[in-house]
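Notes follow the structure.
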Amino acid sequence: MTLRVRKPSAEIVLDDQEEDVSMLQIRQRRWRMAFRAIYFTRVLFSLTRKVLDHSNRLLRHSLSHHAIDVGNENPGNDNEADLARRRIFFGANRYAKQPLKSFLSFVLEALKDTTIIILLVCAVLALGFGIKQQGLKNGWYDSGSIIVAVFLVVIVSTVSNFRQNRQFERLSSVNSDIDVKVVRGGRCRTVSIFDIVVGDVVCLNIGDQISADGLFLEGHSVKVDESSMNGESDHVEIDGEENPFVMSGTKVNDGYGAMLVTSVGREMMSSISHELNKETPLQARLNQLTSYIGKIGLAVVVLVLVVMLIQYFTGNTRDEMGNREFQGKKTKLDDVMNSVVRIVAAAVTIVVSATPEGLPLAVTLTLAFSMKRMMKDHAMVKKISACETMGSATIICTDKTGTLTLNQMKVAEFWLGTEAMKGEDSLELIPNVYELLQEAVGLNMIGSVYRENSAAVPKISGSPTEKAILSWAVIDLGMNVDEPKQNCEVIHVEAFNSEKKRSGVSLRRRGKKAVQTHWKGAAEMIVAMCSHYYDRSGMIKAMDDEERMKIRTIIKDMAEKSLRCIAFAHKQTNEKIPEKLEETGFALLGVVGLKDPCRPGVRTAMESCRNAGVKIKMITGDNVHTARAIAIECGILNPDEDLGSEAIVEGVEFRNYSNEERMAKIENIRVMARSSPFDKLLMVQSLKQKGHVVAVIGDGTNDAPALKEADIGLSMGIQGTEVAKESSDIVILDDNFASVVTVLRWGRSVYNNIQKFLQFQLTVSIAGLVINFVTVVSFGKVPLTAVQLPWVNLIMNTLGALAMATEHPTDDLMKQSPVGRSKPFITKIMWRNLISQAVFQITIPLILQFRGRSIFHVSETVMNTMIFKTFALCQLFNQFNASTLEKKNIFQGIHKKKLFLAIIFLTAMIEFLKNYTNTDERLNRGQWGVCIGIAALSWPICFLFKCKILSKLRADVCT
């Protein structure tokens, strides 16, 4: 848009050059006074430090007692030599990091796992019983295999967590390198937080993290969050009189201003912490499952001990010669003790068979692998629980600006009264309107404009909204937005925030008594404050009901074009200065429409979420019409289905619902317009109360409460404020909503991979438990010894965990409904797959145990070897079955799983080794063929059960 402007004559200017010089001298005296205040503070500190109590470390730690002579130097000087001198005297803006956790500490943490502790207890018992029965030379084999399994699990877990910790520290260092705006060289510049020195003037805006200790210089309505220091949730107001001290590590929650840096380093950002080792919800559920399995195993152990001891002491057990083992008083005490030890050892074998050794390894591997891959996909995971929680998400509440849109705003339309001011019409702004707009833009904005010279391209800083308006005013209208700052005296300022959705300023022109008040903000709110409006001729006209309806229609039409509408209003009063800005009787100065294009690929991402059963709710501060237009453009709303329903609601309406109404209507709400931070927080709380797993996406300070309340918070890494990033669990590094869908895919992959491995692991545990229990009760001995079962778990399950935990997400995962909170972790499909394979794996070894010798005409030793080989090969074939939970064709896409195939090949090679589990007999080709043929039957059994399951599920859905 281009307007030819007739500039007003310069009525309000300084009288002569002398007044300019005097103003400059006044400012220089103020700066010198501030620097001498710093010097004097440090002199006082050095004189009184001997009197201070030694316990008062905080004061001594936060104040430096160095001083330098600043002379007549201009603060904001960008001379590198001066900056280096201040950095040497007062120190750099860095803090001493706490020492990193050592590798040994991660080993100790891994050993605290419940499953690991159970295994170590089993290993100790097996060692004692093994030495007692077989001597030191051969008795350590059983416990040795368990210890090897524990060693591998602990090493893999430790290395994974250690590398994750070091990687996170590196990422944290990068994330801590915050850009800060300081005044240097006469203008506002962006520098690294580590480059700040004492004497810098730092600009403070909403959402900024305060980078150093300092003194408040100037500003309006500045409130900071000091909860990281004192734990108080109430925001603290900062001003130049009662509370001028600004502390590092706090955050600006309201207003804007500037501070003078007086101390750097030491305590900076010391309050920032990250939860690295918090137990995840999935790990809690798995630990509970492990506990249940252990209790079941313990109950079976007690039952087996009772049965076997009764059999032994009643004379129902016989030795290899066929003689009764217990013959009352004739039996030697040593023989009784050996028999009891053998019985207890058999019970320990059952505990070993019931304990899922590979489960903690699978969880660790899949979480570590997903975190690493998500980083490559532009998502930095701050809390490990976020990896899995996102996979359970049922609803995503997202902000609009900067998330669904590019946050690159541009003024597309400008209306003066009821007329559109278009460049091609060659219209000119009337001088009085031009001057008022210049004041409104120049004094009611936090952003700034800098030109190195008159011919240079202006450099504009500020929020995206302010940058768009400033760019329009400077480039299209040719305004000098710094001129009102020189010609006007600001009396009172009300800073913009997300609740009021407007900002205001009152001022007095130099040499004039009248007070000018300007408001800028959401168009419908500003229009409601107005009783008059300026027309294109610069005349003020009354705004009757008809004219008000026209203006509202104009705003509505702009909003339906996806434009954000910002209005300006003005009022002049000759009365005494009011204590607060007036809010009635204003004249509408104009309305601008800002266009913020949707991000490329957002509509496709929305479609992916819809297919995945995840609902999207957009929560924005825009009005209903703009919110509806953006929601339709992004694909959140369907114009044919949703517009006539309760899909759109305003924040004030939502918060005024009763709890019953809110719970009844919240499922149908797709868009919330004109929302405050409280409305967004209330939405998240209500959805969680309904049982949903809620993810929140935000980039502003106003999003922080909802980000913390949500099950998982996602912030934007580029345009997000530091407050939003700190409140989130995952940072989207490219600010793209499509990356959120990628996080959702990886979250579901984590959940699915662990489900697949759990199904595989429980099949082995249940089969081994039942086989040993039945044979112990029947024969008084176990076919699968305490060394064979751990080897199955070690070779099959550890390698199986590696194969299944590192599988990439598939498109099929995004076609399934979300897990949510209520769905069981072990689904019906998993139970039927598990039980069918477990029954098969129990039946075959028991048949071989009871009838195998007569069927194959082999010795007992060979038969025991065949039983073990068949059982182990069943696990090998079952890995293919477990690689997919629902697909009938388990070989579909198998050629893409290179790591899976490599592990299967490695496992098969280990399987054909001799004597790795004390199986002394080598099998011939025929016997190997029998073992492989029987184990391969698990494939057709799996296919038949999946066909039956899927057909029944379809029938259930139809009914």
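Considering only region 145-231, give the strands (runs of 3 or more DSSP E) lying wholly within it that have at least 2 residues that are modelled with pLDDT of 75 or more, under 32 Å from the mean Cα position of the chain (by Cα) and charged (D, E, K, R).
Hits in region 145-231: 179-184, 213-225.
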- [ ] Residue by residue through region 395-411, note down the ones that are out of contact with any Ser or Thr (no Cβ under 8 Å at 6 or more places or on another chain) and surrounded by fewer than 21 Cβ atoms within 10 Å (Cβ to Cβ).
- [x] 406, 408
TODO: Return a yes/no flag: does region 551-567 have any residue that is assigned by TED's automatic domain parsing to the domain that holds residue 446, touching a strand residue (DSSP E or B) at 6+ places or on another chain (Cβ under 6 Å) and in a loop (DSSP other than H, G, I, E, B).
DONE: no
Task: residue 711 vs. criteria farther than 28 Å from residue 464 by Cα and surrounded by 21 or more Cβ atoms within 10 Å (Cβ to Cβ) - done: yes
Open item on the list: Residues that are small (Gly, Ala, Ser) and at pLDDT 90 or above: does region 391-402 have at least one?
Closed with: yes
TODO: Being modelled with pLDDT under 80 and in contact with a helix residue (DSSP H, G or I) (Cβ under 8 Å, 6 or more places away or on another chain) narrows it down to one of 959, 919, so name that one.
DONE: 919
- [ ] Look through region 474-504, keep the residues that are acidic (Asp, Glu), farther than 15 Å from residue 517 by Cβ and in contact with a strand residue (DSSP E or B) (Cβ under 8 Å, 6 or more places away or on another chain), and return whichever of them is modelled with the lowest pLDDT.
- [x] 476
TODO: Go through 526, 540, 475 for me and flag whichever is buried (at least 22 other Cβ atoms within 10 Å of the Cβ) and either in the same structural domain as residue 580 (by TED's automatic domain parsing) or under 46 Å from the mean Cα position of the chain (by Cα) (or both).
DONE: 526
TODO: Please enumerate the residues belonging to region 709-750 that are among the hydroxyl-bearing types (Ser, Thr, Tyr) and in contact with a helix residue (DSSP H, G or I) (Cβ under 8 Å, 6 or more places away or on another chain).
DONE: 715, 721, 727, 728, 742, 749
Open item on the list: All but one of (1) more than 15 Å from residue 695 (Cα to Cα); (2) surrounded by fewer than 24 Cβ atoms within 10 Å (Cβ to Cβ) hold for residue 771; state the number of the condition that does not hold.
Closed with: (2)
Open item on the list: Out of the residues in region 490-523 meeting the condition of being among the basic types (Lys, Arg) and within 23 Å of residue 673 (Cβ to Cβ), tell me which one is surrounded by the most Cβ atoms within 10 Å (Cβ to Cβ).
Closed with: 520
Task: Among (1) within 14 Å of residue 417 (Cβ to Cβ); (2) touching a Gly at 6+ places or on another chain (Cβ under 9 Å) - the single one residue 540 does not satisfy - done: (2)
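I'd like the full set of residues that are among the basic types (Lys, Arg) and more than 13 Å from residue 405 (Cβ to Cβ), limited to region 597-655.
610, 615, 617, 628, 655
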Open item on the list: Looking at 706, 673, 695, 664, can you tell me which residue is over 18 Å from residue 379 (Cα atoms), assigned by TED's automatic domain parsing to the domain that holds residue 624 and under 13 Å from the mean Cα position of the chain (by Cα)?
Closed with: 706
- [ ] Pull up region 668-697, narrow it to residues that are at pLDDT below 90 and touching a strand residue (DSSP E or B) at 6+ places or on another chain (Cβ under 7 Å), then point me to the one that is surrounded by the most Cβ atoms within 10 Å (Cβ to Cβ).
- [x] 675
Task: Those residues of region 93-131 which are of a type in the set (A, V, I, L, M, F, W, C), modelled with pLDDT of 80 or more and surrounded by 20 or more Cβ atoms within 10 Å (Cβ to Cβ), in sequence order - done: 106
- [ ] Go through region 624-688 and tell me which helices (runs of 4 or more DSSP H), entirely inside it, have 1 or more residues that are more than 25 Å from residue 562 (Cα to Cα).
- [x] 651-656, 659-665
Task: region 572-619: number of residues that are within 25 Å of residue 818 (Cα to Cα) and among the β-branched types (Val, Ile, Thr) - done: 5
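Matching residues to (1) over 40 Å from the mean Cα position of the chain (by Cα); (2) surrounded by 20 or more Cβ atoms within 10 Å (Cβ to Cβ); (3) among the aliphatic types (A, V, I, L, M):
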site	(1), (2), (3)
865	yes, yes, no
868	yes, yes, no
873	yes, yes, yes
880	no, no, no
883	no, yes, no
890	no, no, yes
894	no, no, yes
902	no, no, yes
910	yes, no, yes
- [ ] Output the number of the condition that residue 255 fails; it satisfies all remaining conditions of (1) in a loop (DSSP other than H, G, I, E, B); (2) modelled with pLDDT of 70 or more; (3) under 23 Å from residue 500 (Cβ atoms).
- [x] (1)
TODO: For residue 301, work out the one condition from (1) at pLDDT below 65; (2) within 25 Å of residue 775 (Cβ to Cβ) it doesn't fulfil.
DONE: (1)
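The values are calculated or read from the model by the stated rules, or taken from the named source; none is laboratory data. Please read these numbers as outputs of a predicted model, since none were measured by experiment. Reconstructed Cβ throughout: ideal geometry from the backbone, glycine too, with neighbour counts over all protein chains shown.
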